Every structure is written in C-alpha cells, then in structure tokens.
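Accompanying notes for the structure given below.
The values are calculated or read from the model by the stated rules, or taken from the named source; none is laboratory data. This structure is a prediction, so every number in the text was calculated from the model and none was measured. When we count neighbours, we look across all protein chains shown, and the Cβ atoms used for this are built from the backbone with ideal geometry, even at glycine. Areas reflect the complete protein model, heavy atoms only, side chains present, ligands, DNA and RNA absent. Shrake-Rupley method; radii C 1.70, N 1.55, O 1.52, S 1.80 Å.
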Amino acid sequence: MPVKQSPSRKARGSKFTSAKKVGSTWSSIWLLALVPVLLAIGAARETLNGINLKLSVNNFNLVRKPAQYHGHGVSGPFFEGWYYKTVLPEAEGSVVFIPGVFMPKPSPEGTVLNDTLQQPHAFVMVLRDPHTVECLYYAYPLSELEATNGVGESPEARTTYSIRIGKSTFHEKGMELDLDASRLVWPSDEDTNEFLAKALRERQILHPELRFDKAGLTQEWERKALSVRGSVKFVDSVRFPTSTLNPTVMGPFSYLPALECYHGVVSLYHKTIGSVRFETAAGAKEHEFDVTGGEGYLEKDHGINFPKSWIWLQTGSFVKETGSSLLLTIADVPLLSDKGILSKIVSSIPVYGPKLVSKFRLSAFIITLHHARTNTTHNFSVYTGSRVQSVNIDAHTNTGSGAPNQEVKVVVYGRPGSDAELIVTAKRPLQVGVPLPGPMFGERNMMGLIVEETITVDVDVLLRVNGEVVFEDTGRIGGLEVVGDMQGLIGTI
Ligand SMILES: *[C@@H]1O[C@H](CO)[C@@H](O)[C@H](O)[C@H]1NC(C)=O
Ligand SMILES: *[C@@H]1O[C@H](CO)[C@@H](O)[C@H](O)[C@H]1NC(C)=O
Ligand SMILES: *[C@@H]1O[C@H](CO)[C@@H](O)[C@H](O)[C@H]1NC(C)=O
C-alpha cells in the first residue's frame, strides 16, 4: 500500500499556514459553484424520472432540518428511519431501536397485498446484544403514526421532531417505549433463506480462500415473542456542526432534491438515562437493561431506495477518548435512476449501453470523527476534497479456536494540503450478523431482509495531522454493515 510522504515540521512555516487559508477559500468558492450544478442535475433527474415530486419538495424545504420527518403528504416509494443506538454502561452490550415508515411504490390496480411487510406501515425494529441474535420487528398501520416537526428556524426548532408509533414516542432527546408482542411480524422463511444465501455468496466473493458453509456461519434464530417497555432520556447531545454550505453531514449534496437516499446525523454522542425492559408475551420480565450512564448515537436515513451496496461503520464508545464518535459510510450513489427515461435510452444502446449506465454511479463517502477532548469534528467526507486511499477487507484466522475474523480497514487522506490521515480498522467475527428488514422497491416492493449488521465490533482509529498522532483509540460495541457488491463499490472510489 502506498504510504503518503508527510512533510517534516521544519519544512513548514507560516507560509504553509497561509497557503492553507487560500486553499480553503478557493475550495469554498468551488463548492458554492457546485450547488447550482447539483441542483440542475437533481432537477433534470427529477423531470426524467418523474419520481416522488412531493418528497423532493419536502427534501428542499427541510434541507436545514434533516432530523425531521420528510413524509408529510408523500406517497410511496418512500422510507424513513431513525437509528437510536444505546451502548450499555461499561460497554457490556448495546440496544438499538429503529422507528420508521415504509410506503411501497403504487401497485397495479387490483393487486392483493398479502403481507404486512408489503403494505404501507410504520415500524419499530429492536436489536440487542447480548441476549438475542435477531431483530424484533413491530409493525403498525399508518393510522397509528403521528409525526410532528419543530417549526421555525432557530437551531432548537430545526432539530426538534417527535415520532409517535402506536404507544411509543421517539424524539431527539429520548424515547418512551411500549412495544407489544402482539405487533411482532417475522420475515418469511423464503425471505430468510434468500438473505442467508446472499450473505454467504458475498462472503465467498470477499474471501475466496475460505470455505463457507451455512451451518458454520449462521446462528440459530429464536423468534422470541417479546414486548419492550421503558424510557430513555438523552443528555449532553453533541450535534454535527452545520453551516449554509454544509446543512447536513452530506455537505452540499444535501441540496440535491432527488437523491435515492439521504443520510443525517442527529446526535454524534450523548449520555443516556433510563431503562429498557424486555417482557414475555405474558408480562414476565425476560431481561432489563439499565442504561443510566450509557452512551448513545442517533442518525437517520430517508429516501426512495437504499443504495445497492454500502459500508457503514459507527462507534461512540472509546476506551480513552470518552465522548468521541466515529461515522464512516461509503455508499453507491446512482446518478441515473434505474427507472428513469434517460437510463432506459442509454441502456438500450447495443453492447455499450449497460456499461455506460454503470458509469453513472459514484461511491460517495461520509467520514467524520468527533474528537471530544478538543471539541473538533474532523471531516473527511467526499465533498471536502478528501480521498479514500484504500479499503481492504480481509479475513484473519484467530489464534486459538473459533471462526476467523473479518477485518475492514479504510485509509483516508484529508483534502490536498491538509496533511491529515485517518486509519480505521474494524474487526468482527465472520459469522453472519443480525438480518434487518429494509425497503426493497424493486419487484418485491416490500420491507425485506436486505441489511446485515453486527452490533459489537471493535474499531481501531488513528488520526495523524501534520505527522503527529492526534487521536489513537479503540471504539467498542461499534456497528458494522458490509452489504452488496464490494468490488464495484471500492473499485469506483
Ligand atoms: C398474494 O398472494 C397471491 C396468492 O398466493 C399471489 O398470487 C399474489 O401475487 C400475492 N400478492 C403479492 C403482492 O405478492
Ligand atoms: C464545542 O464547539 C461547539 C461549536 O462548534 C460549541 O457550540 C459547543 O458548546 C462546544 N462544546 C463544548 C463542550 O465546549
Ligand atoms: C466538514 O464538516 C465540518 C464539521 O461540520 C465543518 O467544520 C467543515 O467545514 C466541513 N468541511 C468542508 C470542506 O465542508
């Protein structure tokens, strides 16, 4: 792997500092110029695809309020979900809640939607570790969803929202939980088997030297009928610092009104107070998590489709650097919708068409490290001019027994002239993680198992600026998803 030469301290005087300033002014102008271009691409895409105009209007109106609900007046295809993660005190495990909304694309007249997961609905997913290895999925009709957004332009109003689903409420400062076992929905065996086959296929492609069999890589899923009750309050939330140019963690890309998928960070880090109790359907205590003194993270996604492939990694439970938080995502972003007229015309060109369409994609990355001690949010995202130097996904055999570990290592350089380097290494067992339903708007047009997540990953993080180590620590109980075609994703970075 090529190693970047870092200029010695001596070689850099005040000249370097001023050069850096000029550079940043220029990059700001350059980025400003990018906004109308991005808007034009977005508008053209929208016209050509005719997809979800109302959502694009909401995307534009809420561009400085990414935490809020975008589904008012919107019909499918649409999804939105908030990811509430709480790591237990002493990092003994974690519990994740994902409240959200799914609206399928309209079906032809007379189609019978047999399954709750095919119908428009609100949901709450629950993952936890230890104690269960699968996702609990509670489904509710849209009549039991009530979403309220803060009004006005004050920083408080912009980040205020409340999502009530059934008897549970989720907002930016906490959640009140009352999820009854009677609302649980399980994926079909067919969906589960398809998910497993895909997970194994993707591992085999990544690690051709290893032999995989289903039994060695999957866990016995139990399908426990549990209710969840409790309440969690967030304190001392750290927000992602924003500006007009960077209204969200997506930077100027936030202004594109017709992207497939939007990513937002609500809270980079917060402390939690409260408890979460799991009960059997009869009301007996199965397990109770005391989350007072725990550490939380809150982000969200919304849009008209999930990316085809992505890597997502997050941790906020650092051993030494308490209060710090890392987010790393690399996702495949199509610039032409599969369903759009333009992509149909291009792909109909004999021989070269499909290849040409595949060129209209980019691998966008959002990589931020909030360093609590210095109160600095380092930003290595695509729109800063940063560069992903390498992504390596390797398998390492454990010394001793047990299945090998998968190691995902990403090296990223700051924008030219910044002399910053971030190295992130995440390790997890190769065993298949928790299967999570996600929006599928293709032929299936339902919430189906497409996401595989491990919620107890160790993440080594090293940040060097001007040749000096600024941050070096291990984040525990991180979340990791490696989904889809990694060669395609990494190849186009
Ligand atoms: C509902 O079930 C019927 C009968 O099995 C099937 O023909 C139909 O395609 C199903 N509808 C959907 C939307 O899957
Ligand atoms: C960190 O910096 C932000 C401004 O970027 C400020 O609003 C916040 O109060 C600071 N936090 C602490 C703990 O000093
Ligand atoms: C990246 O994000 C940080 C934190 O919000 C911000 O201070 C910085 O200006 C952003 N960088 C660029 C080049 O937009």
**Request:** Kindly list the residues of region 279-319 that lie in the label zone of HIS131, defined by a backbone N under 18 Å from the point 7 Å along the Cα-to-C-beta vector.
**Result:** 279-296
**Fill in**
Once phi for every residue in region 100-111 is put through the Karplus expression 6.51 cos²θ - 1.76 cosθ + 1.60 (θ = phi - 60°), the whole-Hz ³J(HN,Hα) values, with Gly and Pro written as x, are x, 9, 10, 10, x, 5, x, 8, x, 3, x, 5
**Prompt:** With point charges of +1 on the Cβ of Lys and Arg and -1 on the Cβ of Asp and Glu, referenced to the Cα centre of region 265-361, which listed residue (PRO354, GLY274, GLY293) lies farthest in the positive direction of the dipole?
**Reply:** PRO354
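Are there DSSP H segments in the chain that both extend 27 Å or more along their axis (alpha-carbon positions) and score a mean Kyte-Doolittle hydropathy of at least -1.0? List them, or say none. Show your work: numbers first, answer last.
Details: long enough: 14-49 (51 Å, 0.63).
Those that pass (Cα extent of 27 Å or more, hydropathy at least -1.0) are 14-49.
Can you give me the accessible area per residue for the chain, using a 1.4 Å probe, in Å²?
Numbers: 21700 Å² over 493 residues.
Averaged over the residues of the chain, the accessible area is 44 Å².
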**Asked** How compact and how long is the chain, expressed as Rg and Dmax of its alpha-carbon atoms in Å?
**Response** 22.3, 74
**Message:** Can you give me the convex hull volume of the Cα atoms of region 53-130, divided per residue and expressed in Å³?
**Reply:** 96 Å³
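Would you kindly state how much longer the chain becomes between GLU209 and VAL319 on full extension, computed as 0.36 nm times their sequence separation minus their alpha carbon distance, in nm to one decimal?
36.2 nm
Relative to 2.2 N^0.38 Å, what does the C-alpha radius of gyration of region 213-272 come to as a ratio? Two decimals please.
Numbers: Rg = 19.4 Å, N = 60, 2.2 N^0.38 = 10.4 Å.
My calculation over the Cα atoms of region 213-272 gives 1.86.
What longest region of the chain stays clear of GluC sites (Glu not before Pro) that DSSP places outside H, G, I, E and B and that have at most 12 other Cβ atoms within 10 Å?
Numbers: sites that count: GLU109, GLU153, GLU209, GLU220, GLU222, GLU443.
Answer - 223-442.
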**Fill in**
So the carbon and sulfur contribution to the accessible area of the chain, 1.4 Å probe, in percent, is 57 percent
**Leading residue at positive end of dipole, the chain (Cβ point charges), from PHE123, GLY475, PRO104** = GLY475
**Fill in**
Placing each pseudo-label 7 Å from Cα in the direction of the beta carbon, LEU356 and GLN219 end up separated by a distance in nanometres of 4.8 nm
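Restricting to DSSP H runs of at least four residues, report the calculated mean residue ellipticity at 222 nm for the chain, -39500 (n - 2.57) per run over all residues, nearest 500 deg cm²/dmol. Don't jump to the answer; show the numbers that get you there.
Details: 8 runs with 91 residues, N = 493.
Taking each H run of at least 4 residues, the total per residue is -5500 deg cm²/dmol.
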**Fill in**
In whole Hz, the Karplus estimates of ³J(HN,Hα) for region 81-86 (6.51, -1.76, 1.60; θ = phi - 60°; x where Gly or Pro) are x, 10, 10, 9, 10, 10
**Prompt:** For ARG158, what is the net charge nearby, where nearby means another residue's Cβ is under 9 Å from its Cβ and Lys, Arg count +1, Asp, Glu -1?
**Reply:** 0
**Request:** In whole Hz, with x marking every Gly and Pro, tabulate ³J(HN,Hα) for region 114-130 from phi via Karplus 6.51 cos²θ - 1.76 cosθ + 1.60, θ = phi - 60°.
**Result:** 6, 10, 3, 6, 8, 8, x, 7, 9, 8, 9, 9, 10, 10, 8, 8, x
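D for region 179-235, whole µm²/s, Stokes-Einstein with Kirkwood Rh over alpha-carbon pairs at 37 °C and 0.692 mPa s: what number? Spell out each step's value before the answer.
Values: Rh = 14.5 Å.
Using the Kirkwood radius from Cα pairs, D works out to 226 µm²/s.
Regarding region 108-210, what's the average projected area of the Cα-atom convex hull, expressed in nm²?
Averaged projected hull area, Cα only: 11.7 nm².
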